[in-house]
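The values are calculated or read from the model by the stated rules, or taken from the named source; none is laboratory data. Note that the coordinates shown come from a computational prediction; the quantities given were computed from them, not determined experimentally. Counting neighbours? That spans all protein chains shown, and the Cβs are built from the backbone with ideal geometry, glycine included.
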Amino acid sequence: MKYKFLKKNKNYCKIKVYKLKKGFVGEISSMFRRMILVTAKSYKIEYVIFKGIKHEYTFIDGVQEDVMEIILNFRKVLIKAKLFKKIYIKINKKGPGCFLAREIELPKILNIINKNLIIFRINKNSRIKFLLKIKKISLDSNIKKNKSLKRKIYVNNFISPVEKVSVNYNKLNNSDKFIIKLYTNDTLNSKDLFLKSLKRIRKIFK
């Protein structure tokens with residue numbers, strides 16, 4: 001099995017995979033697609049702990065958005081970071097003003113792509129304190145919820161950094177090749193993702 005990049009940039013690549021055993025192209029191309037999806041990992045906010053708040057079905061004094069809306073906004077945050085297993089960030093925000101995604105950033109460690117995303121709006125003379133846990137999550141990650149810590153409000157709706165992946169091959173003849181088109185968001189390099197997926201597939205066939 002060989003491959004060749006026909007097009008590539010940060011967020012898109014087109015790859016030809018060829019010299020495959022005839023008759024198995026459909027199965028192998030489907031395996032590539034599934035492997036790309038489960039290999040794609042990005043840093044996400046796993047949970048939030050708000051001071052004085054036990055669940056998401058409530059409001060915070062002085063904050064315009066309810067807790068559920070704040071959690072939904074945290075889900076939208078796109079994070080690019082250097083390698084670490086997990087990191088905790090404490091926030092102490094005083095009003096008036098907007099809390100933007102950029103305020104989560106840690107120089108040289110954690111970069112926010114959509115910096116101007118509004119997470120919540122806080123009124124004058126109000127203050128909100130909370131803690132965020134950020135970790136690397138993939139589609140097949142098993143997030144264990146600790147029921148003993150009821151103040152944790154889990155964000156954990158994994159949004160894949162893969163925006164689209166398609167495989168195409170000629171079904172009318174006994175082809176020995178197929179084409180992959182892979183699109184990713186700014187948190188993940190499309191070429192790197194393909195190469196990591198290829199490495200995992202080659203281990204299976206060893």
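Please enumerate the residues belonging to segment 18-71 that are in the same structural domain as Tyr183 (by TED's automatic domain parsing) and without any contact (Cβ under 8 Å) to a residue 40 or more places away in the chain. Once the filter is applied, which keeps residues that are in the same structural domain as Tyr183 (by TED's automatic domain parsing) and without any contact (Cβ under 8 Å) to a residue 40 or more places away in the chain, segment 18-71 yields Phe24, Glu27, Arg34. Pairing each residue of segment 77-102 that is surrounded by fewer than 13 Cβ atoms within 10 Å (Cβ to Cβ) with any residue that is in a strand (DSSP E or B) and of a type in the set (Ser, Thr, Tyr), provided the two are 6+ apart or on different chains, yields C-beta distances under 9 Å for Phe84/Tyr43. Total residues in segment 53-84 satisfying the condition of being more than 15 Å from Cys98 (Cα to Cα), touching a helix residue (DSSP H, G or I) at 6+ places or on another chain (Cβ under 9 Å) and not aliphatic (A, V, I, L, M): the figure is 6.
Return the residue satisfying two criteria in turn: it lies in segment 57-88 and is in a loop (DSSP other than H, G, I, E, B) and of a type in the set (D, E, K, R), and of such residues it is modelled with the lowest pLDDT. It would help to see each step written out before you state the result.
In the first step, residues of segment 57-88 are kept if they are in a loop (DSSP other than H, G, I, E, B); the result is 57-62, 64-66, 76-78, 82-85.
Filter once more, keeping what is of a type in the set (D, E, K, R): 61, 65-66, 76, 82, 85.
On the way: Asp61: 94, Glu65: 96, Asp66: 96, Lys76: 93, Lys82: 79, Lys85: 83.
The selected residue is Lys82.
Scanning segment 169-187 for residues that are in contact (Cβ under 8 Å) with a residue 24 or more places away in the chain, surrounded by fewer than 19 Cβ atoms within 10 Å (Cβ to Cβ) and either aliphatic (A, V, I, L, M) or assigned to a strand (DSSP E or B) (or both) yields Ile179, Lys181, Tyr183. Residues in segment 164-206 that are in contact with a Phe, Trp or Tyr (Cβ under 6 Å, 6 or more places away or on another chain) and of a type in the set (Lys, Arg) were compared, and the one that is farthest from Thr39 (Cα to Cα) is Lys177.
From the list Ile70, Ile36, pick out the single residue that is within 14 Å of the chain's Cα centre (by Cα) and either hydrophobic (A, V, I, L, M, F, W, C) or within 30 Å of Ile118 (Cα to Cα) (or both). Write out each step before concluding.
Numbers: Ile70 fails: within 14 Å of the chain's Cα centre (by Cα).
Criteria check complete, one pass: Ile36.
If I filter segment 28-42 down to residues being at pLDDT 90 or above and of a type outside the set (A, V, I, L, M, F, W, C), which single residue comes out as farthest from Ser166 (Cα to Cα)? Spell out how you get there, then give the answer.
The initial filter retains those residues of segment 28-42 that are at pLDDT 90 or above, namely 28-40.
When the remaining residues are screened for being of a type outside the set (A, V, I, L, M, F, W, C), the result is 29-30, 33-34, 39.
Values: Ser29: 9, Ser30: 9, Arg33: 7, Arg34: 10, Thr39: 15 Å.
Result: Thr39.
Out of Ile49, Ile53, which single residue is assigned to a loop (DSSP other than H, G, I, E, B), farther than 22 Å from Leu188 by Cα and in contact with a Lys or Arg (Cβ under 9 Å, 6 or more places away or on another chain)? First the steps, then the outcome.
Details: Ile49 fails: assigned to a loop (DSSP other than H, G, I, E, B).
Answer to the selection: Ile53.
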